[in-house]
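Let me begin by presenting the structure, written as structure tokens, before commenting on it.
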Amino acid sequence: MSKPLFDAESLIAQFQNATAKQGEQLRAATSQALLASLQGRELTLKNIRAALKQVADAASTGLAKNVTAGVDVEALLDKAVSGLDDAMLKAVEANRMALSTLNAQGADLREKHLAKAIDDLEKMEDTMFDAMKKAASGAAAPVAGAWGQVLEKMQAGGTLSGAQAASTAEQMAEQMQAAVRSSRAASLKAAQALAESYTAMVSGVLLGMSDALQSGGATKKTKK
């Protein structure tokens, strides 16, 4: 597995020493950790899945070591997942901006790797679910139970990043269809112009032939 591009030990320590009042701090820390882990990588589903699992593993490890009295492991883990979702929203937005820019510059969104990028957007939420399940399966017993509850809620309600990714993919697909219609309209217009040019050409040829025939007929009469 590739080395995390964030400070895993620091994140583990934050979860290990967290109290119930630090939920929002953990949410922000987890979001920042995932963004740091994604920096310098291509935003492929494989890399996103790996980064998600690395950050989730760090959160799990820290929570497993947390012995603070009265700490609600599930609540803190829920905040961690919310932080991951926040970071994923930014990844989705980065994809949207890149695709929109390329489309505005005239790139064909039907081109193979761009079409794949749109298709991958629709798989963002499933990628997050897969990474969380893997992190849960490797968690220590007390945290594993909390993971089960968090995952159940997450799958029932969906994620903000998943909804935004699906919306973005739909938007890009509509732009692709608009481009196809525009291309077809342009082709039809060109064909129509060619057809009109052709009929004009035929008319010109026919007129030339008529002139030649008339000229030939006049010559024959003169000879007689």
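Observations, loosely collected:
- Condition broken by Val71, with the remaining ones in (1) in contact with a Ser or Thr (Cβ under 8 Å, 6 or more places away or on another chain); (2) within 24 Å of Glu125 (Cα to Cα) satisfied: (2)
- Boolean, Thr101 is assigned to a helix (DSSP H, G or I), of a type in the set (Val, Ile, Thr) and without any contact (Cβ under 8 Å) to a residue 12 or more places away in the chain: yes
- Counting residues in region 70-86 that are at pLDDT 90 or above and either touching a strand residue (DSSP E or B) at 6+ places or on another chain (Cβ under 7 Å) or not in a helix (DSSP H, G or I) (or both) gives one or more.
- Of all residues in region 47-71, those that are under 17 Å from Ala141 (Cβ atoms) and either surrounded by fewer than 23 Cβ atoms within 10 Å (Cβ to Cβ) or within 16 Å of the chain's Cα centre (by Cα) (or both) total 7.
- Whichever residue in region 1-46 is under 20 Å from the mean Cα position of the chain (by Cα), of a type outside the set (Gly, Ala, Ser) and not in a helix (DSSP H, G or I) and, among such residues, is surrounded by the most Cβ atoms within 10 Å (Cβ to Cβ): Leu43
- Entirely in region 104-160, the helices (runs of 4 or more DSSP H) that have 2 or more residues that are out of contact with any Cys (no Cβ under 7 Å at 6 or more places or on another chain) and of a type in the set (Ser, Thr, Tyr): 124-137
- For region 50-68, the condition holds for no residue, the condition being that it is over 18 Å from Ile12 (Cβ atoms), out of contact with any Phe, Trp or Tyr (no Cβ under 9 Å at 6 or more places or on another chain) and not hydrophobic (A, V, I, L, M, F, W, C).
The values are calculated or read from the model by the stated rules, or taken from the named source; none is laboratory data. No experiment lies behind these values; they were computed from the predicted model shown. Glycine gets a Cβ as well: all are built from the backbone with ideal geometry, and neighbour counts include every protein chain shown.
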